[in-house]
Amino acid sequence: MFTSTLHWNFGLAWIAFAFAVALHVADEASHDFLATYNPNALAIRRRLHIPFPPVFTLNSFLALLFSGVCLLLLLSPFALHGAHWIRIVALPLGILVGIGNGCLHIGASLFYRRWMAGILTSPILLIAGSWLLWSACQ
C-alpha cells in the first residue's frame, strides 16, 4: 500500500511538472523570450567559436518544447506505475528544467532589474521541479 502511494505521488508530480513546463513555455512565447535569448546565444557562439547554443525561430521553439511536453505526458503512465528508470530520468529534469531554469529566470530578472520573459511562471516551475525531485528520491 505504501509503495503504491509513493508511485501515485511521483506520478502526480510528473504530470504537474509537465503542465508547469507547458505553462512556462506559453509564458515565454507570449512575452517574446526569443528576443532576449537569440542575441545572447549568438554572442556566446561568436565569443567562444562554438556551434551552440542553438538559435530558434518561434515555430521551431514552440515545436521543440511542445514535443517535449507531449513526451513528458506520454511517459506519465510509467511514472504512475512506478517504473524505476523514470525516477532516474526525473532527477536531471527536476534539477535542470525545473529548479535551474526557474532560478535563471528569477536571477536574470533581478540582474537586469526588469521582468524577463518566463518570470511569471518561474515560481510554479520551481515548485513543480522541487516536487518532482523530492518524489523521485522517495
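Structural remarks
- With a Förster radius of 41 Å applied to the beta-carbon distance between Thr36 and Leu80, the computed FRET efficiency rounds to 0.65.
- Peptides 55-62, 88-95, 123-130 ranked from most to least packed by the mean count of surrounding Cβ atoms within 10 Å: 123-130, 88-95, 55-62.
- Relative contact order (%) - the chain, alpha-carbon pairs under 8 angstrom, separation at least six: 40 percent
- Largest first, the three principal axis extents of the alpha carbons in the chain are 54, 29, 27 Å in whole numbers.
Just so you know, all these numbers are worked out from the coordinates, no wet-lab data involved. Small disclaimer: the values here were computed from a predicted structure and weren't measured. Glycine also receives a Cβ, built like all others from the backbone with ideal geometry; neighbour counts cover every protein chain displayed.
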